[in-house]
1. Taking 29 Å as the cut-off for C-alpha to C-alpha distance, list the pairs among Lys156/Lys399; Lys399/Lys506; Lys294/Lys348; Lys127/Lys455 that go past it.
2. Mind giving me the FRET efficiency for Asp239 and Asn481? R0 is 60 Å, r the Cβ-Cβ distance, nearest 0.05 is fine.
3. Rounded to whole Hz and in sequence order, give me ³J(HN,Hα) for the stretch 237-246 from the Karplus expression 6.51 cos²θ - 1.76 cosθ + 1.60, θ = phi - 60°, writing x for Gly and Pro.
4. For the stretch 202-212, take each phi angle, set θ = phi - 60°, evaluate the Karplus expression 6.51 cos²θ - 1.76 cosθ + 1.60, and give the result in whole Hz per residue in order, putting x for glycine and proline.
5. Evaluate E = 1/(1 + (r/R0)^6) for Thr210 and Asn458, where r is the Cβ-Cβ distance and R0 equals 41 Å; express this FRET efficiency to the nearest 0.05.
6. Provide the descending list of Cα extents for the stretch 16-148 along its principal axes, expressed in whole angstroms.
7. Using the number of other C-beta atoms within 10 angstrom as an exposure proxy, rank Asp30, Asp167 with the fewest first.
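Values quoted throughout were computed directly from the atomic coordinates according to the rules given, and no laboratory measurement underlies them. For clarity, every value in this text was computed on a predicted model and none was experimentally measured. Cβ coordinates were reconstructed from backbone atoms using ideal geometry, including for glycine residues, and neighbour counts include every protein chain displayed.
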Amino acid sequence: MRKTITLSLLSFLFAFTITAQQRSCGTMQDLENRMQQDSGLAQRMADIESFTARKVQELETSRISGNIITIPVVVHVLYRASSENISNEQIQSQLNVLNRDYRRTNSDRNNVWSQAADAQIEFCLAKVDPSGRATSGITRKYSSKTEWSSSANRMKNTSQGGVSPWDTRQYLNMWVVNKISGGTLGYAQFPGGSRATDGVVMGHEYFGSTGTAKFPYNKGRTTTHEVGHFLNLRHIWGDGACGASDYVSDTPSAEAANYGCSTNKSSCGSRDMVQNYMDYSDDACMNLFTSGQKNRMRAVLLSGGSRSSLGASNKCEATSTGGGTTSGGNCDRVAAYNSSTSYSVGAKVVSNGTLYQRTSSGWSNLGACTSTGGGTTSGDKCAGVAAYNSSTSYSVGAKVVSNATLYQRTSSGWSNLGACGSSRIGDDLDTGFPGDELKISVYPNPVRGNTLHVKSNNTNVPFTIVNMLGQRVSQGSNVSNGVNVSNLDAGLYLIQFRVNDTIKTKKFIKE
Ligand SMILES: [Zn+2]
């Protein structure tokens, strides 16, 4: 019955699409094009999928609440008419929508679905460009083009009239164009695709919640949806009939996309979650991600995930880089944390040599304090390390640079020591909130012997050691006699100490 559409209904639908365009997302078409052009993509995506499955299971079983992950964004505006050169205000309105939707502080949230979750992901316009200069996080460029094809991706290429992406390991690139061909509102590239085209694209009428944003797509949810794809979410109906999966366990199955706001729609034997950002409902109808979607997105951003460098990027910190003297570090003039002070959202404090910013639910780690003036900054950890050469035979412990990343040879392969350009090894990562009673440090680092010593005001601390793939390699219930690391291969590890509901993490190198 449902499949039998009469001629008159068809004419009605046709008339309807002329007056009110249906939501149409080009992400699956983009994936199909890429699969045809890139023979390695399927395998890379399968690898990401198996890592994600493991990581999601880990996130589901650990009841530790995660830290806020902040993603630096650059918006490239491509316009022909001056009205398409959207205002900074419209761009900021989109950032505000993303921050509300991914933190579940959107005013239209409700309790219809109990699995709705705060994804604990925030977005900021970049403050530092790829060459280290201060930036607004916005680029603007005129083009005579009246529309852009999603299959050609020319908006992402400077030599083809667009703007090439800023380093996609450090920035989420968003292109806002006058029009995408074929009535597409926006599209995204899934994790695993080419670095040259990574990011999301939206038409200006579907971007932000003011200015040229057009009803019923004027609440910024097109970008919320596309960024969901960028972070590995599929459409909630699994892009197929009942039984097709979106790889998320707590979303109901649905037979197809829903449009408008069909809140009473049921298919596949259950109520459809038309309010989910990954359906095709109108902006005003959408209001949630689920807990399962949250874990799936965070899996690509956390350690070992394919977008982990983006999750750790500090491009929203206006810090000076490079050698020479600095005019004051990021912690300059920031007061030390004081447990008896009440802090408002946005306030910054320094604790244990680390800068923190107050968020609506806790503290976000903005990274270690940088040089506080006078003196030179610490060197690039890749300085003096030779580039990888496939015809050289390397012994265990040898270091090389490849793709702007430092690697060290282990007995079984290569250990990733992180991106060049910053000296983050030995820095705290994902530490607990300032004011935690536990003080902890590990030594020697790097550790050459069998024992990693732990200095702490509490020896009854359970610990877990994970490798850079996020796999648990060791654990124990107290650290009074140090931690036996004799079984670990050479490489970089994280040791996590659990304190009540938070974890403290230290990096160490086994030599
Ligand atoms: Zn989509």
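1. Pairs exceeding 29 Å: Lys156/Lys399; Lys127/Lys455.
2. The value I calculate is 0.65.
3. Result, ordered by residue: 8, x, 6, x, 6, 3, x, 5, 9, 9 Hz.
4. Per-residue couplings from phi come out as 9, x, 5, 6, 10, 10, x, 10, 8, x, 8 Hz.
5. Given R0 = 41 Å and the Cβ-Cβ separation, E is 0.20.
6. For the stretch 16-148, the Cα extents along the three principal axes come out at 52, 48, 40 Å.
7. Ranking Asp30, Asp167 by Cβ neighbours within 10 Å, fewest first, gives Asp167, Asp30.
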